[in-house]
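Visitor: Before anything else, here's the structure in question.
No value in this document is a laboratory result; all are computed from the given coordinates. This structure is a prediction, so every number in the text was calculated from the model and none was measured. Because the Cβ atoms are built from the backbone with ideal geometry, glycine has one as well, and the counts that use them run over all protein chains shown.
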Amino acid sequence: MRLLVVCLGNICRSPLAEGLLRHHLEQVGLEDRVEVDSAGTGGWHVGEPPDRRTVRNAARHGLDLQGLRARKLCSADYHRFDWLLCADASNLSDVRRRAPAGATARHALLLEWAGMGQGAEIPDPYTGGPEAFEHVFTLVDAAARRIVARLADRTLPVDA
Ligand code: 4NP
């Protein structure tokens, strides 16, 4: 399974979701069965590491995001990934609008896909204070745990 998390800048919410999903997948030994990546609908930060406030807050929780680099969503993503999981409704509407003909990836809100409520969004922390980044961490960590638990339930051991 291939999952792409999408937000606006690919420096706050989606790289955090990429890092947390990878971390929780590793905890249950599914890191080789599920591919995770992230991208932004906007290109302003392409090539940059995640926002320093996101990096600092994740590090407080023991998660290292420093190696990630921002990239922009591209048309190949609509074929390469099974799911494009969006941080908020505006990201989801951009993702839908840009879908190329013959796109195979499905689209959803990340929190909704994780079972955290219909229409649930990850608020953009970019103009907020430290508490906004911590709130995003709490939401995304809960979502990542729920998604990985569901995938682990459905995935038989390789030698079964
Ligand atoms: P993200 O946050 O979409 O969670 O990465 C943002 C990052 C940058 C900007 C907006 C939101 N920006 O306007 O540059």
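Visitor: Among the residues of region 77-117, how many are polar (S, T, N, Q), farther than 17 Å from Ala17 by Cα and in a helix (DSSP H, G or I)?
Guide: 2
Visitor: Which members of region 62-78 meet the condition of being small (Gly, Ala, Ser) and either crowded, with 20+ Cβ neighbours inside 10 Å or within 12 Å of the ligand (Cβ to nearest atom) (or both)?
Guide: Ala70
Visitor: For region 15-39, enumerate the residues that are part of a helix (DSSP H, G or I), in contact (Cβ under 8 Å) with a residue 24 or more places away in the chain and more than 14 Å from the ligand (Cβ to nearest atom).
Guide: Answer for region 15-39, where residues must be part of a helix (DSSP H, G or I), in contact (Cβ under 8 Å) with a residue 24 or more places away in the chain and more than 14 Å from the ligand (Cβ to nearest atom): Leu21, His23, His24, Leu25, Gln27.
Visitor: Of everything in region 40-55, what is touching a residue at least 40 places away in the same chain (Cβ under 8 Å) and hydrophobic (A, V, I, L, M, F, W, C)? Give them in sequence order.
Guide: Correct list: empty.
Visitor: What are the residues in region 56-76 that are part of a loop (DSSP other than H, G, I, E, B) and free of Cβ contacts under 8 Å to residues at least 24 places away in the same chain, if any?
Guide: Hits for region 56-76 are Gly62, Gln66, Gly67, Arg69, Ala76.
Visitor: Could you run through region 7-61 and say how many residues are hydrophobic (A, V, I, L, M, F, W, C), surrounded by fewer than 17 Cβ atoms within 10 Å (Cβ to Cβ) and closer than 22 Å to Pro123 by Cβ?
Guide: The number of residues fulfilling the criteria is 2.
Visitor: On the given criteria, is Ala101 aliphatic (A, V, I, L, M), more than 16 Å from the ligand (Cβ to nearest atom) and within 15 Å of the chain's Cα centre (by Cα)?
Guide: Taking the combined requirement at face value, the residue does not satisfy it.
Visitor: For region 122-139, what are the residues that are buried (at least 20 other Cβ atoms within 10 Å of the Cβ) and either assigned to a loop (DSSP other than H, G, I, E, B) or touching a strand residue (DSSP E or B) at 6+ places or on another chain (Cβ under 9 Å) (or both)?
Guide: Within region 122-139, Ile122, Pro125 qualify.
Visitor: Looking at region 4-14, can you tell me whether even one residue there is touching a residue at least 12 places away in the same chain (Cβ under 8 Å) and away from the ligand (no atom under 16 Å from the Cβ)?
Guide: Checked against the condition, which is being touching a residue at least 12 places away in the same chain (Cβ under 8 Å) and away from the ligand (no atom under 16 Å from the Cβ), region 4-14 yields no hits at all.
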